[in-house]
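A short worksheet on the structure shown next.
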Amino acid sequence: MKTKVIFEDFVSLFFPRLCIHCDAPLPRGVKDICLQCQYNLPKIENFKESVPQYREKFDGIFPVEAVFVYGHFVKGGIMQSVLHELKYNHNPEIGIQMGRWFGKNLADAGWKNAFDVIIPVPLHPKKLKKRGYNQALALAQGLHQGLEINVLENALHRVSNTSSQTHKKKLTRMLEMQGMFELNDNVKLNQLNILLVDDVLTTGSTLLACAEQLQKGEPKSISIAALAGA
Ligand SMILES: [Zn+2]
């Protein structure tokens, strides 16, 4: 046995690592989510085409190519624990892990050559400083590992910081989000098939505001991937 492994076993005797959702002790080699919770993730596994219920959010508003969501958000469910861990518990690793699984699912469904570049939704610099990382970028890095498609980190920047998002009406939120993002200078998206990535897809207004800006770079297509959908 290697010293590192012995040390980790020793530490875990006193500080067992626990599942982020059910608090079950994690066996060695399993990170963050126990096998039972992994099995119970409310995943959408068949990505042969867009997920209709999420794609509909953009119908008649913006010409997105495809919309993918890894799992459904249920209050008190595993996906809520995952999002909480990703956003508030300083754990970008779980985002990379989820992105990798998501990317593998998409690759298995034949989407490997459908995109040229992965673009994460940017965070406002203030929020980035507070959180220490952009959770959408963590997901994008995982998707990169699963799909083997490059990430373009700095295509967009966030112009202003929004307040609370969740309890606003869809239209209010959409109008509010417009102009929240800008395409950076010298970003060339000509004829590229873009996969735009965020952690959550609810009203779609954040992703829509980003897609509208990306459109200015004249890409060939814009598709969307979100970790959780509601
Ligand atoms: Zn668990």
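Couple of notes before you dig in:
Conditions tested, residue by residue: (1) basic (Lys, Arg); (2) at pLDDT 95 or above.
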residue	(1), (2)
Gln97	no, yes
Lys112	yes, no
Ala136	no, yes
Ser160	no, no
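- Here Gln38 fulfils each of the conditions (1) within 15 Å of the ligand (Cβ to nearest atom); (2) open to solvent by less than 70 Å² (accessible area, probe 1.4 Å); (3) in contact (Cβ under 8 Å) with a residue 12 or more places away in the chain apart from (3).
- The set of residues from the range 65-79 being touching a residue at least 12 places away in the same chain (Cβ under 8 Å) and open to solvent by 10 Å² or more (accessible area, probe 1.4 Å) comprises Glu65, His72, Phe73, Val74, Gly77, Ile78.
- Considering the range 54-73, the residues that are closer than 22 Å to Gly110 by Cα and part of a loop (DSSP other than H, G, I, E, B) include one that is farthest from the ligand (Cβ to nearest atom), namely Pro63.
For every residue, the table says whether it meets (1) assigned by TED's automatic domain parsing to the domain that holds Leu207; (2) basic (Lys, Arg); (3) away from the ligand (no atom under 16 Å from the Cβ).
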site	(1), (2), (3)
Lys31	no, yes, no
Pro52	yes, no, yes
Lys75	yes, yes, yes
Lys87	yes, yes, yes
Ile94	yes, no, no
Ala107	yes, no, yes
Pro120	yes, no, yes
Leu123	yes, no, yes
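- Taking the criterion of being modelled with pLDDT of 95 or more and of a type in the set (Asp, Glu), the only residue of the range 24-55 that qualifies is Asp32.
- Boolean, Lys130 is surrounded by fewer than 23 Cβ atoms within 10 Å (Cβ to Cβ) and touching a residue at least 24 places away in the same chain (Cβ under 8 Å): no
The values are calculated or read from the model by the stated rules, or taken from the named source; none is laboratory data. These numbers come from a predicted model, not from an experiment. Using ideal geometry, Cβ is built from the backbone for each residue, glycine included, and neighbour counts are taken over all protein chains shown. Remember, those area values only see protein heavy atoms, side chains included, never the ligands or the DNA or RNA. Shrake-Rupley method; radii C 1.70, N 1.55, O 1.52, S 1.80 Å.
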